[in-house]
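Here is the structure we will look at, set down as structure tokens.
The values are calculated or read from the model by the stated rules, or taken from the named source; none is laboratory data. A quick note: this is a predicted structure, and the numbers were derived from the prediction, not measured. Glycine gets a Cβ as well: all are built from the backbone with ideal geometry, and neighbour counts include every protein chain shown.
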Amino acid sequence: MIRTILQLTTFGNEQSRWRLAGIVLGIAVGVGLLLTLLGAAQGLTDRDQRRSWLNVNFEYRLDEDGEAYTLTDDTVMVGRFTDYVAGDAIERIDVAATQTTNERTPWGDPLPAPGTYFASPALIELIESLPGEQLGDRFGTLIGPIPDSALGSPDSLYVLAGVDEATLGQFQSWWIQPALAGDASGSNVVYRIVMVIGGIAMFLPVLLLISTTTQLGGAQRAERLSTLRLIGATPESVTRVAAIEMALLALTGALLGTVGWWLLRPVGARFVVDEGRFFPYDLDVSIATIVAIAIGAMLTTGIAAGVRIARMGIGPLGVTRERSEHAPSPLSLLPLLAGLALFGGVTWAFKTSNVDVMLLSLAIIGGFGLTSLGIIWAGPWLTNCASRLAARFAGSAAGVVAASRIRRHPEATFRSVSGLVLAVFTVTVFAASASSVLEADDPRDGAQVFPLSTVYAYIHEGATEADLAGVEREIEAVPGVLGAVIAMEDRNDPGSWLVHRDDAPLLNVRIEDDRAWVRFDAYNYIWGEPDAERPGQPGAATLAGDLPFVLMVATDGSDGVIDTVRTRLEASNQMASLARTRADDIDVTTRKFVNSLANLAYIGIAITILIAGISLTVATAASMLERKRIFGLLRLMGMPNGVISRIVAFEAVAPLVAVLAITIGLGFLISWMMVEGLSYSRTLHAPDIRYYLAILGSLGLAVLSVLAVTGLVHRNTGVNQTRFE
């Protein structure tokens, strides 16, 4: 039987073989993308495990008896910090240990001694590219690289620096723990949610592409199978032949997709996700998973093909008549409404009570998935409504024929554009959500906020102005430094700082009265809106016994000067924190994280739109080829080519137009519920230019698909093509 099926499959002209190639290629693309998604999901987990040593175990601050840990040969003193250079964030671990310590690094080397450090290869490269006073001098002497087994990404900027106990003890936060190790954080929850949603958004169009390509050439296959019925084959045998034929094609496509995935892994690994690229082996998938996907593709496509052929009712003379689909019911809107209700419930629960993070994540993912599937289920009903409306107001033969065809086959018609519809919905959700962060967190200067060029660090408790005099002179001698300012904290009003009247202009601090010391709310000068007015606070004539709290340095804003100041402040041994700027406090890393997600989302959307465009082309071509005899008869009756082309175009574009506006609106609604409902300070803004380019790209692909199929119509509906056996 297999030999007979192979002969039936490969029999035919060149067009038949091209259709087979299209089916195999569509399945190959779907399998390759599915393997990539599964590999990336596993790679994120592996990345999280490798970098888990960075997560300081806060619970080890006290031992089982409630006593504070002390530094012994079996413990380490650890501080975790975020350092910066030229706007790039560095994950920094400072570690102090006894000279006879038994502890080692997570990769097995001895812990770095004070004044030495390990660094990731990317950070070593960065250190070598900059003068020592801008970066390298902060850490001491390099003693080796951090191996890949302890890195999240080839682009990771990590440093493990050795310090002495007294130096680390001056900082505001440190912990003593049994070992230099930590637990996997599970990665950023928001990131996980976005990645899963992105996977759903890409996977659904892939399934639709596979479903569409397997129907390519369905009419021609029906003709071949009717030959079997003519020579005595039973309907069950024909169904079995069709199922095995499609299963073999699916197996071929799965094997081809697996090979393509393997060859293109290095390309996929170069996409920047979160802190950087993947290692190529991060995208590996187990053999068992590959076999399961191949078997799954065979079974699903084979069963679907068998069911489809059984429903067609092929007799000895072929399919006797075209079967209309059942009219879709308004009940098909229920899944969509359920998805929106789930999102609304999540928003209400978040605002009114404490919700478990895992439960919240599952609800958001479930709501998105249900809404996406709801759009697919509701699409045929909306398409049917649009076709009835179009038929009523159609003013041409093309409109009447196309509207009648859509009304008889609303599900098949919508299926051809469902990929593009989902792409538009997803890009709207991502673009609108990202706008809430990219717009709101843009660090910029203002009249009453610290200039972005100001560097500051907290002074360790016990340091006096005399201790800091030398530090100030050294800092002010750096070219590009405009001045160094010591700020005092008001002990009676925590959060209020005081600076000398002459220094206030350097910091944009508002002078309210003629007193010698100017008081201001530090929080507002760091975190407040740049354009907001700050209420003045009465100053102080003198200060009695207050100790220095913060050392602030005004610079010209160049990266080299800012980074040199950071290094000098750390080397002074008078600071209780690493130096930073207001842009660091606003958290440039969060912006980069969101940008990374946005870039990744648009990459995924570009792939999804391309897949959807291919799916639309294939579906439209398949529909045309199945009806080429009908179109040929219309040509024989005198219908011009242009009218037939307009019929095909109308059938392709009408369902897209019917649901496009609704889809965009749903995307913004979902974004609003996620942003406004699940945060206390975010709000939606207009999406950036990439969103509008994505929408235009979707529409452009739809137009190109129709134009491509129009040429196919002309070649397949000529007089010599219209014949009956």
Q: Taking Leu142 as meeting all but one of (1) part of a strand (DSSP E or B); (2) surrounded by 18 or more Cβ atoms within 10 Å (Cβ to Cβ); (3) in contact with a Phe, Trp or Tyr (Cβ under 8 Å, 6 or more places away or on another chain), write down the number of the exception.
A: (2)
(Q) Just checking, does the range 537-545 include any residue being under 16 Å from Asp503 (Cα atoms), over 41 Å from the mean Cα position of the chain (by Cα) and not aliphatic (A, V, I, L, M)? (A) yes
Q: For Ile611, work out the one condition from (1) β-branched (Val, Ile, Thr); (2) modelled with pLDDT of 75 or more; (3) surrounded by 15 or more Cβ atoms within 10 Å (Cβ to Cβ) it doesn't fulfil.
A: (2)
Q) Going by the structure shown, is Ile146 under 24 Å from Asp282 (Cβ atoms) and either in contact with a Gly (Cβ under 8 Å, 6 or more places away or on another chain) or modelled with pLDDT of 90 or more (or both)? A) yes
Q) Out of (1) in contact with a Leu (Cβ under 6 Å, 6 or more places away or on another chain); (2) closer than 26 Å to Asp559 by Cβ, the odd one out for Met488 is which? A) (2)
Q: Kindly check whether there is at least one residue in the range 558-577 that is outside the structural domain of Ile93 (by TED's automatic domain parsing), more than 27 Å from Pro114 (Cα to Cα) and not aromatic (Phe, Trp, Tyr).
A: yes
Q) If you check Leu660 against the conditions, is it modelled with pLDDT of 70 or more and within 25 Å of His409 (Cβ to Cβ)? A) yes
Q: Could you identify the single residue in Gly632, Gly677, Gly638 that is at pLDDT below 75, over 24 Å from Ala386 (Cβ atoms), surrounded by 19 or more Cβ atoms within 10 Å (Cβ to Cβ) and not β-branched (Val, Ile, Thr)?
A: Gly632
